[in-house]
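The values are calculated or read from the model by the stated rules, or taken from the named source; none is laboratory data. No experiment lies behind these values; they were computed from the predicted model shown. Cβ placement follows ideal geometry from the backbone for every residue including glycine, while neighbour counts extend to all protein chains displayed.
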Amino acid sequence: MAKIDAFFKLMHDQGASDLHMVSGQQPIIRLHGELERIKYKVLEPEELKMMLYEIAAEDKIKQFEETGDIDFGYEIPGIARYRCNFFMQKYGIAAVFREIPSTVLTCEQLGLGPIFQKMALLGKGLVLITGPTGSGKSTTLAAVVDHANKVRKDHILTVEDPIEFVHKSASAVVNHREVHMHTKSFASALKGALREDPDIILVGEMRDLETISLALEAASTGHLVFGTLHTQSAAKTVDRVIDVFPSSQQAQVRTTLSESLKAVVAQNLFRKATGKGRVAALEIMICIPAVANLIREAKTFQIPSTIQTGKKFGMCSLDDAILDLLKQGIITANDAYDKSIQKDRFVGFLKEPPDIFG
């Protein structure tokens, strides 16, 4: 048992999402969205380095010492998996760990509507789950893939950096590939995927032109592709995908995307009003013909109003989702105001005038 495992067990028992280990500081956990220091001695740089190197493979240590940062996965059987990041900073080595639960929560357990199960049953196309870092994208996506794994007799191929949720083959066959361990890059894995008879491809992060281009190609040639992006709304997601291409290609990309895109889910995570636990507000855009036309005609600025009028198709704007959580008393008015898009809709719920920096 590695020495650091005791801290992983502590964060797991406390229900924390992240663990921070920083030279010159006490260990810190993120509990219900806020950082709290652990009652433990200050970590000296060499002591922390020895503790961290104990769980890293030799090639990862070599890469870290050459580059100053590294990502990889670590697992404690029976407890959880951890997404690990080591990095150098002014006072020495530091690391952040995100807990990935061993058990994948279902769509029902997460309170996701039936539209998410329908996404899992699509025959082909592109589905994007977006939001800021730490907004729960991976958890939502894992629930959708879990449903596909249980009900489809297909091949599911995931490409991640590192592997997060692990799906054991059920009705479907699931293969997990980790970038830098099982494949050179997202792009090389996607090129190979087209020769590996996949029905569903999960791309852990669509982070560059080549990866996005290959994901679009796969979605337009008969595969169902799930991917994540760090964007904050459905409209901005569409713009991000298009803007990554050279201007000379964007007209063609708009056409391809309008035909391939099936749905975009943009989510944000809120601390519950009780102070215990967090809850996600979800913006859902379904690519109905009206939305496809807006993408094709470069009128993505009109997407929010189309979402607003498309509730019968399962669509929901982020502000409507936030307002629903607020009216149920699940989140506070201040948090709702801070993370909303049309802030004037939430001013009336505040007890004090809004912060000008909100």
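Quick check on residue 231: is it within 26 Å of residue 283 (Cβ to Cβ), in contact with a helix residue (DSSP H, G or I) (Cβ under 6 Å, 6 or more places away or on another chain), crowded, with 18+ Cβ neighbours inside 10 Å and modelled with pLDDT under 95? Spelling it out, residue 231 is indeed within 26 Å of residue 283 (Cβ to Cβ), in contact with a helix residue (DSSP H, G or I) (Cβ under 6 Å, 6 or more places away or on another chain), crowded, with 18+ Cβ neighbours inside 10 Å and modelled with pLDDT under 95.
When 43, 52, 35 are screened for being assigned to a helix (DSSP H, G or I) and closer than 16 Å to residue 94 by Cα, only 52 passes.
Among residues of the stretch 239-259 being under 14 Å from residue 206 (Cβ atoms) and among the β-branched types (Val, Ile, Thr), the one that is surrounded by the most Cβ atoms within 10 Å (Cβ to Cβ) is 241. Within the stretch 301-316, the set of residues being crowded, with 18+ Cβ neighbours inside 10 Å and in contact with a Ser or Thr (Cβ under 9 Å, 6 or more places away or on another chain) comprises 303, 304, 307, 315. Can you pull out every residue in the stretch 301-358 that is touching a residue at least 24 places away in the same chain (Cβ under 8 Å), part of a loop (DSSP other than H, G, I, E, B) and of a type in the set (A, V, I, L, M)? Result: 315, 330, 331, 341.
The single condition from (1) assigned to a strand (DSSP E or B); (2) outside the structural domain of residue 12 (by TED's automatic domain parsing); (3) of a type outside the set (Phe, Trp, Tyr) that residue 122 fails is (1).
For the stretch 15-26, the tally of residues that are under 25 Å from the mean Cα position of the chain (by Cα) and surrounded by 14 or more Cβ atoms within 10 Å (Cβ to Cβ) stands at 7. Is there a residue being closer than 30 Å to residue 247 by Cα and either surrounded by fewer than 19 Cβ atoms within 10 Å (Cβ to Cβ) or acidic (Asp, Glu) (or both) anywhere in the stretch 329-341? Yes, the stretch 329-341 contains at least one residue that is closer than 30 Å to residue 247 by Cα and either surrounded by fewer than 19 Cβ atoms within 10 Å (Cβ to Cβ) or acidic (Asp, Glu) (or both).
Of the residues making up the stretch 275-300, those that are in a helix (DSSP H, G or I) and not aliphatic (A, V, I, L, M) are 289, 293, 296, 300.
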